[in-house]
Every structure is written in C-alpha cells, then in structure tokens.
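The structure appears below as structure tokens.
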Amino acid sequence: MNPFSSGTRLRDMIRAIRACKTAAEERAVVRKECAAIRAAINENDQDYRHRNLAKLMFIHMLGYPTHFGQMECLKLIASSGFPEKRIGYLGLMLLLDERQEVLMLVTNSLKQDLNHSNQYIVGLALCALGNICSAEMARDLAPEVERLLQFRDPNIRKKAALCSIRIIKKVPELAENFINPAAALLKEKHHGVLITGVQLCTDLCKVSEDALEYFRKKCTEGLVKTLKDVVNSPYAPEYDIAGITDPFLHIRLLKLLRELGQGDADASECMNDMLAQVATKTESNKNAGNAILYECVETIMSIEDNGGLRVLAINILGRFLSNRDNNIRYVALNMLMKAITVDAQAVQRHRATILECVKDSDASIRKRALELVYVLVNEGNVKPLTKELIDYLEVSDEEFKGDLTAKICSIVAKFSPEKIWYIDQMLKVLSEAGNFVKDEVWHAVIVVISNASDLHGYTVRALYRALQLSAEQESLVRVAIWCIGEYGDLLVNNVGMLNVEDPITVTESDAVDVIEIAIKHHTSDLTTKAMAMVALLKLSSRFPSCSERIKDIVVQYKGSLVLELQQRSIEMNSIIAKHQNIRSTLVERMPVLDEATFIGKRAGSIQATVSPSAGASINLPNGVAKPTAAPLVDLLDLGSDDVPAPSSSGGDLLHDLLGVDLSTASTQSGVNHAPKNGTDVLLDLLSIGSPTQSSQSVSDMLSSSQDNKTPVSPLEGLSSPSSNSIQPTSAGAAPTIDLLDGFSSNPPKQENNGTAYPSVVAFESSNLKMVFNFSKLPGNPQTTVIEATFTNLSTNIYSDFIFQAAVPKFLQLHLDPASGNTLPASGNGSITQTLRVTNSQHGKKSLVMRIRIAYKMNNKDVLEEGQISNFPRGL
C-alpha cells in the first residue's frame, strides 16, 4: 500500500513525520499526505473520512494550513453514528473558530443533536457549542441550552451550565433567561453541577444588575449554608485534596460571595461569620488550604467594612510572607498592595516582614516588596524605613540597585523632615550607588544644597570626606565638584561647623587636588570634566595662591580633541591670565535657586531656562501667542525640557558663567535640531554670521572692555549692549558681532515719516504662503503693526492652524488671536493675524523674526519653520 494513500493509518503518518531529520523533509511528508487527503475528499471517500480528519487535526497542530478539510467536519457531524460525530465535533473545535463563515452551516446540525435521544451526542453538541459559539449561534440555540439545564443526567446539566456561560458572554441580553435555572443549580448535591452552577451565577452577576440583585435577595443565605456544609463536611474520597474537601468548590463559592457582598451591607453582614470561620479553620500547611485562604482574604477585603475581619485577613497575608514558597509570598505582596488603601495601619504592623522581602533572593519578590515599602512610607516612619533601605543598598545586587536607588531618592525627596537629613541621606545614596542615580536626582540635590545656606559648610565638608572613599561614583563626583567650586573657601576655613561633625583640615591645595583628580580620572565623562573646569575657574578667584597651578591644569586642555573642553580651556585661560579685575565678578557665588521653579520645570510647566551653574533665571521678554504650541524656548533653540544641571556637556562659557542655557535644543513637536555651541545657535537664529565671522569669543569681548577700562557686567553682553561697550580690536578689523543684535558698527538710522511700506512675502513653501503688510501707530515710530495673511496653496484643507513667532531681546512682540484656525484649499480663503512689534533700537537695528507654523493636513501634523530678515528698512 502506498504509505501516503488515504488509507494510511494515523500512527503511520505520525511515525513518518517523526522520522524526518530536517524541516524540509517534514514539509515534504506533510505535503504528500495533504495531497492524498485532498484526493480522498474529491473522491468523496466515506470509508476513511474520519481517519483523514484525524490526520488533518495532527497536521493542524504542527502549524500547517488545513482549511481545505473544514467541510469534512460538517459532513462527519451530519452523519448518524457517534464515532463519526465525535471526530467531527473535535475537528470543528480544533480547525474552526467563531469567525469562520462555514460555522453558520453547522447551526442546524447542532440544534438536532441538542435534541437527540442519545445523551452522549447531546454532550458532544454542548461541548462544541461551549467552545466555538458565536453571537448568532447563541441567539439561535439559547432555548435548547436553557432546557438542558434541567436535564435528568448531571453531566448534561454540567455541560449546559458551562455552555450557558459562553452564551451570556457573547449575548449579555440573554442573561435574564438563565437567572432562574442558574439559581436552581445552586441547590444541587452533585459537586460537578454545583461548581458550574456557581460559576454561571458569578458570570450572570457580572453582566446583569438584575441577576445580581436577584441572587443577593434569594441566594445569599443558601450560598453561606452551602459553604458551611462544605467546610464542615466529613472526609469524602472523591472530592478530597490534601485533606480538604473540594477546594475548587470552596474557591468558587467565595468568589460568588464576593460579587454579592461588594457594595451591599446586608449581604456582607450575612456572610461575615462564615468568612471568619473559613479564615480560622482552614489549614495553611498545604497549598490547597493556602489557595482557599487567599480567596477568603480577597473576599473579606472586597465586601463592606468590617474592621475585625480585615485585620484577620491582613494577618493571614502576614503569615503568607513568612512562607517558604515564593509564589505564596508574591501573591501576599500583591494583596497587601490592594489592602493598604483599605487599612494602612494594619499593613504597617507587618512592615518588618515586608522589609525582609526586599532582601529576598527572588528578583520578582524584591521588586514587589520594594513597591509596597514605597507605599507604606509616611512622615512618621520615613527615617527608619530609609535607614533600612540604605543599609541594604550597600549589599544589594547590581541589577537591583537601579530600582532601589530610584525608590530611596523618591522617598527622601517626598518625606524629608529637614534639609540636613535630606542631604545626609542623599550623600549616602550617592556614595553607595551614585552611578545608578538619574541626572534629575543629583540636579535636585544641588538645588536643595543651594537653598540650605546655613548648611553650605557642613555639606561641602561631608562631600569632601565622601569623595575620598567613593571617587568612582560619577554623580557624587559631580555634586562634590560643584560644591567645592561654590563653597571651597568654606571648606578650607571650616566655616559653619556643626556639633554633629568632626573638624577637618583641608588646605587650598587639597581642594584643588580633588578637582584635578576628577578632571584627569579615566572614568570621568565630558559633563564631569566640564564641571571640573568651571570649578577650577571659581577656585582661581577664591584661592589666589593656587591661581598659577589652576592655570596650568586648565591650559593642558587647549589641544583637547573634544571641542567643548578645548573651548572652555582657551576661554578660561584667557580669563585667568588677562582679566583679574572682572574675574571675581564673573565667578561670584551663585544666587539661591528657587526650588519651586525647579520642581515646576521638572514637571514641564516652566518654560524659562534655569541653570544651577549660574543661578539665574532667564525670562524671555517677547510675547508669543501659543494656544497649544510647544514652549517658546524650543522655537528659539534657547533651552530644553531637561532638568537643569550644574553643567551641560554641550554648553560653553556663557552657559556656565552667565546662566544662559545655549545647549542643544530639544526635539519637541517632532523638530530635530543639530548640536551647536551657544554662539552659533544665536547667530544661526538671526542669520548674522558664519563660523568665520563669529570667531570673536567671549575673551575678545573681555579684552575689549579691559582696553577701554570700562568694566562690563556679565549680563550686559547679552541684554543691552551699547555701541561703545564692545569695540574692534584693531583699526582694520571687521565689525564686531553682537550675540543677539547683529552688526553694531554702523547701525541704520532711517526714520519713517509717514511713508507707506511695501508688502513682503515673508514665507512661501509648496503648501503655504504668508504675506506681511506694515503700518505705524501715529506718534509711536518704534511700534510696527504687521498684518499677516496666510494663503493655502495646496488642494487640501488645513485644520488646527497655529502661527508662532519669536524675536531677539531688543524687540518686543505681541500677537492678537488669528481670524480662524481652518485654512481653505487652493487659495479660496485666508487667515489673518495681527502682530505688534516694538523696536527698542529703532533706527539702529532692523527687525528680525523666527517663525513656526503648525497645522493638520489629512489628519497628519505638519510643521513648517522659517526665518524672516527681509523687512523694509526703517521699521
């Protein structure tokens, strides 16, 4: 006989497939067998139809397509014999699902079999219907299933109850038809029927409020009595598991009681005594008993308030935490997370056990216990809990330190009773796990230190001590460098000594040694080295005796391959060597940082840039109308939404000394910005220079001011430079570039005496055109009124139209609301918006503006940006 003919036995096919050594061989065997089965189907071979379907089921389980055999299932189901029907229904459940259209053809066969005189065929039909019933089939066959709930045979009643669960889930409106039959099942003595009846009632309660109210009134007492009988029943071999009678029925009854008691005081009171009995009588030394206790605890925590029962339930969970089984401890921690919202005081009693779980060897238990400890912390227990967690941090696994550190830092920041305690705990964390601390954490530490003026000396001494022992922790090194740079004189002179600390002797050279080690350490990254350079610059002013040594350290990086370090080195060397008269002003101690502003900025609600390295808040003066737009600083490339840091790896001298964050801008609203240094960003903003033109650095400005013997405030170069504050260094030099205001040598001095200004096409792309019309207010030549008209050049309608603009500091901008936010297609309409620009340097500097236009086209966000400098002269 051909081994792949339709007459091949199933076992022979399985043996042939298992004998294959490669996937290709297996595919070849399956392909030949499927071809033989197709041929048998085409020949309408009735003798081997059941065998072919059995083979198809095996092939289906291997993952090969078997859709061509679906109709064979229906033919077998329609046959009269039980063996054929059994294979047919099995194939139906395995090869088809409720989404198959073929399934509609089997409804009539199912209806006939549900009414069959043979109870085993009825059982087959119920089993198939319970597995693949669709909503349409449920509506057609629900009456037959409802009738079978009262069938004489308990196995049929059990299968009918399970099938009813599927029907009410598919068609909830049919639930009312099953309420009375389901209630009758709760009186069954047969455990198999009873457990399915209880499950049917539970699902009815979830889908129907009427069913829930009916069972509360009619069945609560009967269910409590049934549970009592099961709990107190004598030994029954057929239901006994580990000495407990039918734990599955226990659990189903408890789940149904939970549904009935939730939100109903009367039903809860009816079951209180029984729940207490289950909680106290059930043995907890076997897994079955623990399962019942867990379900009992969940029921107690869900029903209406009973303080004594809840304490009993939480005590059971406390016992679970001491169990050697990891699964039991994990579910106990999960339940305690829910219980803490109900009775936090009872959970607090098990705090010590929960803390031990944080030290468990199982990673999932550690993480869950840590989350629970975090929820348990309050003002009263924050100190002992934090001490325990920090002590464990010293010996915890490396992979767990990240989560543990994050939770400790959050706890300390949230519940800190005083600043000195906060500083002490954060120094411990930084010393033990500084490499796992996120940037915003050590930023926050610096902000708190800045605000604790009476603890500056104590903090810098504590950091100096910690740095001697934990120089490998990057975050600790950064905070220590920043503090030594700011408060190095307090460290050397032992200013602000507290009773709790021991005196320490630190020379000026020792303080510089710490910074030098940090900047030369092989593990230090760019941010740390940049911060160290700023600290050295500050110490050069605080420690004049070490000025030459600091200069030698700084000058070593003049040839650094890292442009950031090279630039800092050159500029700071120039300040140290040439500008002693203004150096102390440049590097004076930072003002106190505003904690509220810092917290708000972390939450994304503050749009001004705050730099801890300078302690100044830069308020952008231009007014910008932004209904739902991104922050103005993103438009101007003047900052990012990152948490302010003591230094930025992408910053420069202006960033560190003047508090202006000119680092790489963010990528908000889908706009990506290439990295640039601070000067390039501003020059690029206004298109007033090239890298060659902008080569005059801060040191050149400072040398200009020295030559003129005119001290310059650190912020004057940015806010209000005058024409004589910065002069060319030689007679033939190119005109000096002012960072924000363009060329300051020969500013235009035109005045407009009532003349009309021509319209300007300010922006034009393939999709959009924007035209500016200008006018002046009478008697106010500094203010220009601009009417912007936007026209749609495409064939698509633009919705959610938003226009934004930003200007330099010497200009002030006010935007009126736009005439609409929908722009018709193909120029069939326009949107107008009025801008008022006030030029404080009128007659000297021309207008310049950066714009951003956002809209939706075909439900897709579109963003267009541009820079406008072609304004008529005299504005």
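The table that follows gives values for the structure above.
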quantity	calculated
Scan of the stretch 819-847 for residues that are open to solvent by less than 40 Å² (accessible area, probe 1.4 Å) and assigned to a loop (DSSP other than H, G, I, E, B), ordered by number	GLY820, GLY829, HIS842, GLY843, LYS845, LEU847
Cβ pairs under 6 Å, 6+ apart, first in the stretch 310-336 and within 16 Å of GLN277 (Cα to Cα), second surrounded by 19 or more Cβ atoms within 10 Å (Cβ to Cβ) and among the small types (Gly, Ala, Ser)	VAL311/ALA346; LEU312/ALA279; ILE314/ALA339; ILE314/ALA346
Matching helices (runs of 4 or more DSSP H) fully within the stretch 148-223 where at least 1 residues are over 18 Å from CYS127 (Cα atoms)	179-185, 191-207, 209-218
Selected residue (only one of SER830, SER840, SER846 is touching a residue at least 60 places away in the same chain (Cβ under 8 Å) and not acidic (Asp, Glu))	SER846
Residue that is modelled with the lowest pLDDT, among those in the stretch 577-591 that are in a loop (DSSP other than H, G, I, E, B) and open to solvent by less than 90 Å² (accessible area, probe 1.4 Å)	HIS579
Considering residues of the stretch 777-799 that are under 18 Å from THR838 (Cβ atoms) and among the β-branched types (Val, Ile, Thr) only, the residue most open to solvent (accessible area, probe 1.4 Å)	VAL785
Residue match in the stretch 753-776 (condition: out of contact with any helix residue (DSSP H, G or I) (no Cβ under 8 Å at 6 or more places or on another chain), within 14 Å of HIS842 (Cα to Cα), at pLDDT 90 or above and crowded, with 20+ Cβ neighbours inside 10 Å)	no
Conditions (1) open to solvent by 10 Å² or more (accessible area, probe 1.4 Å); (2) over 22 Å from ILE446 (Cβ atoms); (3) at pLDDT 90 or above; number of the one not met by THR505	(3)
Hey, GLU209 modelled with pLDDT of 90 or more, under 20 Å from LEU186 (Cα atoms) and open to solvent by 40 Å² or more (accessible area, probe 1.4 Å) or not	yes
Single condition GLN566 does not satisfy, out of (1) touching a residue at least 24 places away in the same chain (Cβ under 8 Å); (2) assigned to a helix (DSSP H, G or I); (3) open to solvent by 40 Å² or more (accessible area, probe 1.4 Å)	(1)
Residue that is surrounded by the most Cβ atoms within 10 Å (Cβ to Cβ), among those in the stretch 534-561 that are farther than 13 Å from SER574 by Cα and of a type in the set (A, V, I, L, M)	ALA535
Filter result (at pLDDT below 90, in contact with a Cys (Cβ under 9 Å, 6 or more places away or on another chain) and more than 14 Å from ILE77 (Cα to Cα)) within the stretch 95-132	GLU98
Odd one out for SER509, checked against (1) of a type in the set (Gly, Ala, Ser); (2) more than 19 Å from ARG549 (Cα to Cα); (3) part of a helix (DSSP H, G or I)	(2)
Residues of the stretch 334-355 classified as part of a helix (DSSP H, G or I) and touching a Leu at 6+ places or on another chain (Cβ under 8 Å), total	11
Within the stretch 397-424, considering residues that are open to solvent by less than 50 Å² (accessible area, probe 1.4 Å) and charged (D, E, K, R), the one farthest from ARG368 (Cα to Cα)	ASP424
Selection count, the stretch 169-183, where residues are open to solvent by less than 60 Å² (accessible area, probe 1.4 Å) and within 26 Å of ASN118 (Cα to Cα)	3
Any hit, the stretch 123-136, residues being more than 24 Å from ILE168 (Cβ to Cβ) and either open to solvent by 40 Å² or more (accessible area, probe 1.4 Å) or of a type in the set (A, V, I, L, M, F, W, C) (or both)	no
Condition check for LEU498: open to solvent by 10 Å² or more (accessible area, probe 1.4 Å), touching a Gly at 6+ places or on another chain (Cβ under 9 Å) and assigned to a loop (DSSP other than H, G, I, E, B)	yes
Count of residues meeting criterion [closer than 23 Å to CYS201 by Cβ and among the charged types (D, E, K, R)] in the stretch 116-150	4
Filter result for ASN108 (surrounded by fewer than 16 Cβ atoms within 10 Å (Cβ to Cβ), in contact (Cβ under 8 Å) with a residue 12 or more places away in the chain and over 48 Å from the mean Cα position of the chain (by Cα))	no
Residue match in the stretch 802-809 (condition: at pLDDT 90 or above, loosely packed, with under 15 Cβ neighbours inside 10 Å and hydrophobic (A, V, I, L, M, F, W, C))	no
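The values are calculated or read from the model by the stated rules, or taken from the named source; none is laboratory data. Every value quoted in this text rests on a predicted model; they were computed, and no experiment measured them. Every residue, glycine as well, gets a Cβ built from its backbone with ideal geometry; the counts of neighbours run over all protein chains shown. Quick note on the areas: whole protein, heavy atoms, side chains included, nothing else; ligands and nucleic acids left out. Shrake-Rupley method; radii C 1.70, N 1.55, O 1.52, S 1.80 Å.
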